[in-house]
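A quick write-up on the structure given underneath.
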Amino acid sequence: MSTIIEERRRDHQQEVHLVIAEDDEGHAALIKKNLKRAGFKNNILHLKDGQEALDFFFKNGEGPHRIKGNSYLLLLDIRMPKVDGVEVLRQLKEDPELSKMPVIMVTTTDDPKEINHCHELGCSIYITKPVEYEEFVDSIKKLGLFLTIIKLPEVNGTK
């Protein structure tokens, strides 16, 4: 039984492309490390600000770009330079090709108005980063376990 579950996890993990938009290098490294510890085996792309995230998904500029037909999941910080996470979320959810893509807000902001606003814009999940190191690590491990079992839609279109 556990072999079947592990095979399903491996098969699904090959399909998921995780993008982290996070300006804090330490938080990004901690997220990557603990997702891998939780069994998430995929490559993880780290983008350092909201503009890099928009350029990746809308295929602008010189950097890496999304690939048509792949399944993406975005872990998105709110407080970032250039373009904040709320604006990134708004633009992604307004685009017909990208609107189905799951976006998980991962931020230190626990203001109920901000949480409601992100959900109104279409975020899938809102996670508040705990201030304490051990709690943060534990939260990311739990997120990693969750990511090993979810199914994601493809991002289609010609953009």
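The values are calculated or read from the model by the stated rules, or taken from the named source; none is laboratory data. None of the values given here were measured: they were computed from a predicted structure. These accessible areas exclude ligands, DNA and RNA; they are computed on the full protein's heavy atoms, side chains included. Shrake-Rupley method; radii C 1.70, N 1.55, O 1.52, S 1.80 Å.
Percent relative contact order of the range 26-159, based on C-alpha pairs within less than 8 angstrom and at least six residues apart?
Relative CO of the range 26-159 lands at 32 percent.
Please tell me which of these pairs span more than 22 angstrom C-alpha to C-alpha: LYS41/LYS141; LYS36/LYS82; LYS59/LYS141; LYS32/LYS113; LYS41/LYS142?
Check vs 22 Å cut-off fails for LYS36/LYS82; LYS59/LYS141; LYS32/LYS113.
Please report the relative contact order for the range 20-82, taking Cα pairs under 8 Å with a sequence separation of at least 6, and give it as a percent rounded to a whole number.
Once normalised by length, the contact order is 43 percent.
Express in Å², to the nearest 10, the accessible area of GLU114 obtained by rolling a 1.4 Å probe over the protein heavy atoms while all chains stay in place.
The value for GLU114 is about 30 Å².
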